Structures are given as C-alpha cells and as structure tokens.
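All remarks here apply to the structure that follows.
The values are calculated or read from the model by the stated rules, or taken from the named source; none is laboratory data. Predicted, not measured: the structure shown is a model, and the values here were computed from it. No Cβ is skipped: glycine too gets one built from the backbone with ideal geometry, and neighbour counts run over all protein chains shown.
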Amino acid sequence: MLALDFINIGNGDCILIREMEGTRQKFALMVDFGHDCLVRDDHPGELDPRSQRIYAGDFLRELGVTHLDVALATHFHRDHIGGLGRVLDAVTIDRFYTTYLPPENAPELDPFHPDNNLPKAARSALLCLQIFTEALQSHPGRIKQFELVPGTETISLQLTPDLKMDILCGEPALYRRQKEIYDAAFNGERNGYELVRWAKSMNVCSLRQRLYYHGKEIVLGGDAYAHVWETVNLTPCDILKVPHHASFDSTS
C-alpha cells in the first residue's frame, strides 16, 4: 500500500510518501519540508488554538518515523525549505536530492545586515538560502548522501520494486544561473538586481515529480508555473498536487 500524507504545515508544501506493508514502513520519501513558522510571515499573529497545523518534524515524530530513504527539495523558497532543520532533528536521510549544495564551511550570508542596502526580495532570497545552509551545517551526518540534480534531463528512479519516480526539471539554463548567483553570494557578492531577478525566477525551476505505483500515477507540481506544464507532453494522472498552492498563474 502507498500512503500519501499532504502535511498541514500551514503556508507551504510538505509531502510524505510511504510504502507500507500492514503497519510496517518499507520505504519513505519526503518532498519539501514546509515553512519554519506555522503562522504566515506576511500575516503575523497568534496561531488559532483550533489550528491543526504541525511542523513536519513533529508530524514525523507523531507517526514514529525516524528514517527517510529519500528526501527531495523542489526549490529554495522558505515555505518549502524552512522546515528542513526540524525534519533533520527527527530523522536521518539516506539520499537527499537537490539542485544546489552550498560550499563546505559556507559563511553566514547575513541578509539583513544594514550595509547590504538590498531590496526586500533580494534579502528574502538570501534568507531562504541561509536557512537551507544552516539546516545542513547544524545537522552533520544526518544525511548520508547528497544527489545533485543538474536540471539537464529527467531523472528516473526505481525507488522500490513497485514504486518509480521521475524528477522533472525546468529550463536547464536556470539551474546554471542558480549556481552562479548562490556561489557569488557565498563569495561575498551582493548584487541586488541579480538577486531580485532570481527571486522572481525561482518557482520556474521548481522540480516536479511523477510517481508510478501499481498502475496509478501521481504528479507533485512543486511551485511550477503554468507555462512549464504547457511546454511538455504528459499523460493524465490519477492524483495531482496542484502547483504553487493553486495560485492563479500555476495552471491554465
């Protein structure tokens, strides 16, 4: 049996996919990790006591999940990567798929330093990268192996004898550009114009996943925009996680 949990982490995405044999977990995959705050940062306030929102790490603890075979980050917006630290508090991971890895001993980016003189969107882009980097640096050894997704072609993975996953990418040039901009940031460069441009492009290069299990097909849309879907030929699926939280420009 394949169990899908679309976790209520509030603003953002976090999806747990487990192949089960009765109550025994045979395989576990997590796609994205939710926000680092259960209350939306653009609408601050107290969390309603009736809320059923939960951090991804706490959800894993409630289920008794202590290990993930595979984890995947679709892109580096805070509402998808922010909960990674709490997840790594709760579990170890065999393989982690990502389109970018910060350099070893990466320095702090300090996005809100007053000397930066950066626009808000540029600071936000740096903050998301800093959250991702800090989660990795503060949990050494929790991830056994990193798998860098180059973004040049579809990656097909036979996860178990019955479960297959395709990782679908956007325009290859975007992933090269991402590396250039992020590497420059860690080298101390603070080009506000380039960071803002990248912040607006990040969703376009969001990874998408297509899962195949016993004749059923499941599509996880990440935050990909509508035009990404219109440039590829895909067959119908049985379950669709709508892209970009069902925003107006995510589908057509």
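Among the residues of segment 61-78, is there at least one that is in a strand (DSSP E or B), modelled with pLDDT under 95 and surrounded by fewer than 15 Cβ atoms within 10 Å (Cβ to Cβ)?
No; the residues of segment 61-78 include none that is in a strand (DSSP E or B), modelled with pLDDT under 95 and surrounded by fewer than 15 Cβ atoms within 10 Å (Cβ to Cβ).
Got a sec? Which of ARG86, ARG95 is closer than 28 Å to VAL204 by Cα, modelled with pLDDT of 95 or more, part of a strand (DSSP E or B) and not hydrophobic (A, V, I, L, M, F, W, C)?
ARG95
Confirm whether MET20 is part of a strand (DSSP E or B) and surrounded by fewer than 16 Cβ atoms within 10 Å (Cβ to Cβ).
yes
Collect the residues in segment 15-40 that are of a type in the set (A, V, I, L, M, F, W, C) and within 17 Å of LEU63 (Cα to Cα), keeping them in residue-number order.
Those that are of a type in the set (A, V, I, L, M, F, W, C) and within 17 Å of LEU63 (Cα to Cα): ILE15, LEU16, ILE17, MET20, PHE27, ALA28, LEU29, MET30, VAL31, PHE33.
Report, by residue number, each residue of segment 109-140 that is assigned to a loop (DSSP other than H, G, I, E, B), of a type outside the set (A, V, I, L, M, F, W, C) and without any contact (Cβ under 8 Å) to a residue 24 or more places away in the chain.
Listed by number, the residues that qualify are ASP110, PRO111, HIS113, PRO140.
Step by step: first the residues of segment 148-175, then only those that are in contact with a Ser or Thr (Cβ under 9 Å, 6 or more places away or on another chain) and in a helix (DSSP H, G or I), then the one that is farthest from LEU109 (Cα to Cα). Which residue is that?
Ranking the candidates gives PRO172 first.
If you check every pair at least six apart or on different chains, which have Cβ atoms under 8 Å apart with a residue in segment 225-236 that is under 13 Å from GLU171 (Cβ atoms) and in a loop (DSSP other than H, G, I, E, B) first and a residue that is among the β-branched types (Val, Ile, Thr) and modelled with pLDDT of 70 or more second?
Final answer for the pair search is TYR225/VAL204.
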